Each structure stands twice: as structure tokens, then as C-alpha cells.
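What follows is a short report on a single structure.
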């Protein structure tokens, strides 16, 4: 799917942050009926060929391409993971559905691990 | 390793082997004394101290040593030092003007752990190169040195110091790099430090607008012309295009993982201690480099301040955690403050051309 990732892992503080994030987020399991919303403290900056997501607290920074931007913008709190993957997959019928859905889930998982997205608490889903 | 070493490993030492040089470059930020004859000189600091510092630094994370100067090949004992570094599995990078390289030296380099030799070449002709390097004959000698290196398959880079007088040489130098099999061309806009201050006073530097336009041209046209050389234009990350940030190698100064050892053994924040003596934190003759790295108040403050206490546009940039304010040495040299914003980003911001999408607020 070609979503590019850019993360300031060279910075020692970020390395520490990522280590702790990895430990913390290993418990997160992304389910199809999870609803995702954007973290309001993150900064989203669109540019010509994509966008940057930046967390001013941790310094986490991620570049997302145009498809990534579409996916991120669908995470408004009122769509489930299944809704999002289906909506995107519809526009890429030349890519096997299983593959694109898996790629999108991995991408969403990345954004959650970097705290740019979070699960919306509902009766069905619970944030760990 | 202590917790501090794990968080802030001292991964690289910039070793300023000598404060003398056989050239007299008008932009040099180190301002070495001129060594007219080009003959080898005696060590200013005994090798035993250097070796001890390297072994000590290895225990707190050292993996790479950059040998620079002055002109490092003026030192008689540089090859012995390279052998020592190789035998300790330390990666060696060298910055040289190339004029003192010969077959014997290059053969020794070939048998060592030298990763890359960067040769300074500021113009694609004798006239252009020597007008800034100020010594007749140095252009051909640098080319000969470069040729020896590439023939021996040693990783090579051309470093070009860019100012108003050599813009037209960029493409010609890239052609030279390509034809000689050089791996990369790194273009450094001159800095207002050391002798470079005079070039700025005489307005021979390039405006940030001009630098950004050159950057675009390199990214969109020049880089596409060559298959095998990597062209790096060294401007701060916040001023680079999104494509460049995500698709090419960025040369960023990891100042929190670097220390400089000056020609007299001074332990300094990179090489800036040569001209800004406030930034010398000890000397390897009498101080343990591990103790300086772990406990010196200047480094502790730097770790606390970077990036969160950067001021001006650097404090507002989304790349601050990665870029760390570009060159802190130049910030200090210009303002006396290690937290002040980098002059190029500052100029871009004041001129309204710093990308708004890169600002936190």
C-alpha cells in the first residue's frame, strides 16, 4: 500500500518513549468493531503530497501519504475499523481485498501505537 | 553502561587531529594556522592520550570516529591511529582536502575500517576551487587524491562549501563525482562562523530564498540526472521538501551523541571549542572523557534543553525533536546561546517563507 513512515527514532528521548510505548501498546488488539477517533492533542499538517502527524508531548512524528490522509480523516469517531477498511478498499479494487484490509489495519494500529488515534470507548469496545 | 549512557550514548567523536592546515580557505569555521610547506608535523598531543580516550569512550557507546582538522593528513601518526581504531572495530570517517593523499596512504586506508573519505572540492576548475582555498595547485592535487581513493574502492564523498561565487559549479562538480565514481556530493552552504563571518560581512553568502531555490532544483532536476551518486544539500529539515524528508538520507547533527576532541586534547562540543573556548569542557590529558560526558554541566544542560527549550522558530518547528535546531555551534557563535534558533530557519521565518505546515503554533 506504500504508506510511508517517518519517525524520529534517533533521538534518545524518543527511543525511550518508543520503548515504553511498545510495551504499553502490546496489549492493544484492534478489532473490526472498534471505533477510532483522532487524538485532539496531535497536530495534523497537510502538505501537497501527504501530511505530517506530530505529537508535541512525545515528539513522535509520522509522515502519511495521500491514502494515509484519507484513512486518517475517516477516523472521526463514528466509523468502525470495518467501515473504514471497506470504504477504502472500494476505491482500490485492483488490490486483493484481504491484502488492502490487512494493510489498513496495520496502518491504523501504527497510528494508535504512536497515539495519533485512539479507540472510542463504547459498550462493545474497551480501551485497555 | 549506566542509564545515562543508554539514553545518551557517546556514539561519535569528532577528532580534530591538528589545528594546522596546508590550505587557507576563506570559509573555514575552524580557522587553523597555515602550515606552508604541507610537510608532516609532530603530534601536538601524545597518541597515548587519544587511544585512552577512545577506549574509554567505547565503554559508553563509541562506534565511530571522524578524523578531521585542520588537515588531518598533516599528522605523521594518522595511519597508526587509523590502524588502532580499526583494530578496535571503530568505524572511521575522514574529512580532508585531499592534497596530501598518495598511493601508500590510500593502500593503508584500504586495509582499515575507513568507511568514507570526504574530500573538499569547492569548484570544478582550478580557478574556482583555488579562489576560495587560497593555495595554488590544490585543485589538481585534490582531484588526484580523490582519484586514488575511488580506484581503490574506498567510500568517497565530495564536500562542497557553497557561497555566491560557486553556484555554477554545483552541476559540474556532480558531473565530476559521477565520472570518477564518487559515492556522494554533499553541499554545505557556508556558515557565519570562523572565517566564514567575513564572507557574510561581504555579502558573499546566499540568501535563504536562493538556497531554497537551489534545493528545489537539486531535488527536481539535478538528482534525476545521475543513477549512482547521492546529492545532499545540507539545509535544515524544516526547510526541505516532504519528498526529500521521506525518501533520501538526511544529514542531521546528532549533537546529543557527539563530542569533539581538539588538537590540544580539549574536550569540546564538536569543533566549535577551537574558536568558542567557553564550550571546552576538559582535556583528555587530565580528564576522563567518560566523566566529562556523563557529568559536565554544559552537556547536562544541553540534554535538558534540546529540543524543548529551543527558542524562536526552532522551538516552534515540528522537526525539532529530530533536527535539534540544526547547528548548535553556529547558534552559539552568533548569539552566545545554545538554545537560540538556527540562523537560516530564522531568516526564512522572518522573510515569511518558513513552511507554515511545519510550525507547531
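What follows draws every value from the coordinates through simple rules; no lab data is involved. Predicted model only: the values in this text are computed from it and were never measured. Cβ sites come from the backbone with ideal geometry, for glycine too, and all protein chains shown count toward neighbours.
Annotations for the structure displayed:
- Cubic angstrom per residue, convex hull over Cα atoms of chain B: 129
- Antiparallel DSSP beta bridges within the protein assembly as shown, percent to nearest 5: 40
- 42 Å tail of the calculated P(r), the protein assembly as shown, as % of Cα pairs: 23
- The packing ranking of peptides B:225-237, B:16-28, highest mean first, is B:16-28, B:225-237, where packing means the average number of other beta carbon atoms within 10 angstrom of each residue.
- Volume of the convex hull of the stretch A:30-119 (Cα atoms only), normalised per residue: 84 Å³.
- With all pairs of different C-alpha atoms in the average, the Kirkwood value for the hydrodynamic radius of the stretch B:33-164 is 15.6 Å.
- Inter-chain Cβ neighbour count for A:40-50, averaged per residue, equals 3 (cutoff 10 Å, partner chain atoms only).
- Selected from B:129, B:297, B:34 as most flexible by GNM, with chain B as the system and alpha-carbon contacts under 10 Å: B:297
- Three-way shape label, the stretch B:148-307, alpha-carbon gyration tensor, a/c 1.5: prolate
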